[in-house]
Amino acid sequence: MTPILADDTTTYSFQVMTYNYVPQITGLIVVLILITFLFLLYYSKIRNVRKNVYPRSFAFIFQIYVEMIHNLLVQSMGPKFEKMTPYFIYLFTYILFGNIISIFGFESPTSSLTVTLSLALVTFFGIFVVGFKYQKLSFLKKYTFNIKIKGKKIPVMVNPLNVAGAFAPLLSLSFRLWGNIFAGGLIITFVLAGTSMISQMIPIFNLFDFFGAITLIPLHAYFDIVSGCIQTVVFTLLTMMYWKMEADESTPAFAEN
């Protein structure tokens, strides 16, 4: 608090800092708690499973989920990327829960551009990490103009178009996920506002939003579940593809200029 002199007397007033409530933070905390609980529950169940015995109930269902993401990773990127399976399990689970949690009355964390941009930044920096790991300094050649000297292509200056294009994955991933989730919530808000006005005009329905209750189920089913699952798969697959392309020198996108 900062004291502010009100007049020439000894009377003081105080200006107190105020904070704006961000509903996405509550949703984000709930998602983290759910993920932590599920992973700990899975760990406690799977550790008690004997060798060569299939897990049961929750552990069996979650094991199928883990294997699904693992198989998707191997098919998309190859066996050499198997060690990245834990990250993609967390990424897929976080985005999925973040997209569908609005069904339970919470604000989707992915409706905040800050959240989606943070997720996209991991993919963005991962592109450079994977590129340098598998291509070494040759990774930088695609960002330069090259000339042939004694049969070898030597970089002579920076290619501004390729440098600008390097930020395309960051913008594409963050705005695609945020735009779809935010637009879905906005459409639901507008529809409910319209149905509320209609209900108020009809005497028998003016006690509650009858038409909104009818339309709410299919709207949430599509925008939260269907669209949420699709955007989760798209974000995860694109991350796999971006990293796979950097690791594969034979990919046309990395052919020398």
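Please treat every number below as a calculation from the coordinates, not as lab data. Worth saying up front: this structure is predicted, and the values here are computed from it rather than measured. Every residue, glycine as well, gets a Cβ built from its backbone with ideal geometry; the counts of neighbours run over all protein chains shown.
Tabulated values for the structure
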{"quantity": "Net length gained if the chain between Val234 and Ser76 were fully extended (0.36 nm per residue, minus Cα distance)", "calculated": "55.6 nm"}
{"quantity": "Greater than 18 Å apart at Cα, pairs in Lys80/Lys244; Lys80/Lys133; Lys136/Lys244; Lys80/Lys141; Lys83/Lys244", "calculated": "Lys80/Lys141"}
{"quantity": "Ranked by how many other beta carbons lie within 10 Å on average, peptides 25-31, 72-78, 55-61, 108-114 from highest", "calculated": "108-114, 25-31, 72-78, 55-61"}
{"quantity": "Cα-derived Rg to Rh of the range 83-238, Kirkwood definition", "calculated": "1.22"}
{"quantity": "Amide H contacts under 5 Å for Thr144, placed H, 5+ residues apart", "calculated": "Asn159"}
{"quantity": "Whole-number D in µm² s⁻¹ for the range 18-100, Kirkwood Cα-pair radius fed into Stokes-Einstein, 10 °C, 1.306 mPa s", "calculated": "109"}
{"quantity": "Surrounding net charge for Ile188, when Lys and Arg each add one and Asp and Glu each subtract one, Cβ distance under 14 Å", "calculated": "-3"}
